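**Student:** Here's a structure for you.
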Amino acid sequence: MRVGGATQIQSELIALQILSSPSGGARSETSAGSPRAASASDGFAASGSGGGASALQTYSASGALPDGGNAIAAIKAMAKSSVFRNAAQGNADDEVRALVRDGKLAELPALDEAQWASLSKSEQNIYGVVRTLQGLYDAMPKTIEQALSDHVKTVIDSYPDAIARMQDQLSSVSPAEAELIKQNIAGYQEELEAAQQGRMQIHAESDSSMVTATEEFSASGGEFGWSGRGVTVHADIPALQKAYGTKNVLPGDSPYFGTYAITW
C-alpha cells in the first residue's frame, strides 16, 4: 500500500454459486457419487432428535465430506438441531460462525441438481450459509506466518502477469493515463522484488489507532447463488509508514490471530 491517508480494505466477496442454472438447480463443481446413507465411518450420524446439546455428535467430522450424498445426510441432521435455527432462515449467527471458524463442521461439497432439489427450503438455507462461511474462513490465514507466506506467494504468482498487462496498456492510453500506469508498474515491480528476495516482514499490530478490523462473516443468497462478506480492515497508512520506517505497508486481519501489517 503506497498511498497516504487513512484507508479501508475490504475482503473480497466470496461467491459460492450453489444455485446457478436457470432451473434453480445447483451447479456441481465436481462429479458427485450417488447419494448413500451416512455411516459411522463418515464422521457423523443421522440425528433422531433436535437440540443443540448433541450437535457436534450429529454432524461434526474432520476434513471434507466425500460426496453430495453424505452432505445431504449431514444437512438434514443439522436441520433437526436448534443450533441451526437462524441458518435455516438464511442468516448466519455467532453460534454457527464459531462452529465453522473452529473447524467443528465437516466441509460441505457441491451438490448436483437432484441433490439440491431433495432439500427443503430451510435445508437449502443451512447448506448455503454453512458452505459460504466455510469458504470465508478457509480463505483466512490461521497463523501470522501463514499470512505472510500467503501474501508472498500471491505476489510471486500473480504480479508478473499483472505487470505485463499494464505494460500492454501503455500504447493505447493517453500520456496522463500512461504516467499513472507507469507508477503502478514501478510499485508492483518493487513489491515483486521484495517478495522474491525474501525482504517482506510481518508484524502483529495491536495499536487500534493504526489498524482495526470489522469481522462480519455473513452469508446471503437465494435462488441464484450465495455470497459472503468477511473482514474489513481500517488503517492509518501514514501512521504505519512512520512506525515502520517504510512507505510500503499492507494492513490485514485474521479472526484467528488479529490485526497485522506486512512491510517491505
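**Student:** Applying the selection to region 193-206, what residues are surrounded by 13 or more Cβ atoms within 10 Å (Cβ to Cβ), within 25 Å of the chain's Cα centre (by Cα) and not in a strand (DSSP E or B)?
**Tutor:** Ala195, Met200, Glu205
**Student:** Can we say Ala147 is more than 28 Å from Ile262 (Cβ to Cβ) and at pLDDT 95 or above? Steps first, answer last, please.
**Tutor:** Working: more than 28 Å from Ile262 (Cβ to Cβ): no; at pLDDT 95 or above: yes.
Considered against the rule, which asks whether it is more than 28 Å from Ile262 (Cβ to Cβ) and at pLDDT 95 or above, Ala147 comes out as no.
**Student:** I'd like to check something: does region 200-222 contain any residue that is among the hydroxyl-bearing types (Ser, Thr, Tyr), in contact (Cβ under 8 Å) with a residue 60 or more places away in the chain, closer than 30 Å to Gln124 by Cα and not assigned by TED's automatic domain parsing to the domain that holds Gly90?
**Tutor:** Going through region 200-222, the residues among the hydroxyl-bearing types (Ser, Thr, Tyr) turn out to be 206, 208-209, 212, 214, 218, 220.
Subset that is in contact (Cβ under 8 Å) with a residue 60 or more places away in the chain: 218, 220.
Next, from what is left, pick out any that are closer than 30 Å to Gln124 by Cα: 218, 220.
Next, only the ones that are not assigned by TED's automatic domain parsing to the domain that holds Gly90 stay: 218, 220.
Within region 200-222, one or more residues are among the hydroxyl-bearing types (Ser, Thr, Tyr), in contact (Cβ under 8 Å) with a residue 60 or more places away in the chain, closer than 30 Å to Gln124 by Cα and not assigned by TED's automatic domain parsing to the domain that holds Gly90.
**Student:** While we're here: Yes or no: region 175-182 includes at least one residue that is within 30 Å of Gly228 (Cα to Cα) and surrounded by fewer than 18 Cβ atoms within 10 Å (Cβ to Cβ). Break it down stepwise before answering.
**Tutor:** Filtering region 175-182 down to residues within 30 Å of Gly228 (Cα to Cα) leaves none.
Checked against the condition, which is being within 30 Å of Gly228 (Cα to Cα) and surrounded by fewer than 18 Cβ atoms within 10 Å (Cβ to Cβ), region 175-182 yields no hits at all.
**Student:** Follow-up. What's the number of the only condition in (1) modelled with pLDDT of 95 or more; (2) of a type in the set (D, E, K, R); (3) surrounded by fewer than 16 Cβ atoms within 10 Å (Cβ to Cβ) that Lys104 fails to meet?
**Tutor:** (1)
**Student:** Still on this structure, please answer the following. With respect to Ala88, determine if the residue is under 26 Å from Glu205 (Cα atoms), at pLDDT 95 or above and among the small types (Gly, Ala, Ser).
**Tutor:** On the way: under 26 Å from Glu205 (Cα atoms): no; at pLDDT 95 or above: yes; among the small types (Gly, Ala, Ser): yes.
No, not satisfied.
**Student:** Now, a different point. So which of Leu250, Leu240 ends up being in a strand (DSSP E or B), modelled with pLDDT of 95 or more and buried (at least 20 other Cβ atoms within 10 Å of the Cβ)? Quick ask: steps written out before the conclusion?
**Tutor:** On the way: Leu240 fails: in a strand (DSSP E or B).
Only one candidate qualifies: Leu250.
Conditions tested, residue by residue: (1) assigned to a helix (DSSP H, G or I); (2) under 21 Å from Ser218 (Cβ atoms); (3) among the hydrophobic types (A, V, I, L, M, F, W, C).
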| residue | (1), (2), (3) |
| --- | --- |
| Asn125 | yes, yes, no |
| Val130 | yes, yes, yes |
| Lys153 | yes, no, no |
| Asp161 | yes, no, no |
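**Student:** Checking Thr214 against (1) under 25 Å from Val233 (Cβ atoms); (2) part of a helix (DSSP H, G or I), which single condition isn't satisfied?
**Tutor:** (2)
**Student:** From (1) within 27 Å of Glu216 (Cα to Cα); (2) at pLDDT 95 or above; (3) of a type in the set (A, V, I, L, M), pick out the condition that doesn't hold for Leu111.
**Tutor:** Tallying (1) within 27 Å of Glu216 (Cα to Cα); (2) at pLDDT 95 or above; (3) of a type in the set (A, V, I, L, M), Leu111 fails exactly one: (2).
**Student:** So, Ala92, is that one surrounded by fewer than 17 Cβ atoms within 10 Å (Cβ to Cβ) and either in a helix (DSSP H, G or I) or on the phi < 0 side of the Ramachandran plot (or both) or not? Write out each step before concluding.
**Tutor:** Working: surrounded by fewer than 17 Cβ atoms within 10 Å (Cβ to Cβ): no; either in a helix (DSSP H, G or I) or on the phi < 0 side of the Ramachandran plot (or both): yes.
Against the criterion (surrounded by fewer than 17 Cβ atoms within 10 Å (Cβ to Cβ) and either in a helix (DSSP H, G or I) or on the phi < 0 side of the Ramachandran plot (or both)), Ala92 does not qualify.
The values are calculated or read from the model by the stated rules, or taken from the named source; none is laboratory data. None of the values given here were measured: they were computed from a predicted structure. All Cβ positions, even for glycine, are placed from backbone atoms using ideal geometry, and neighbour counts span all protein chains on display.
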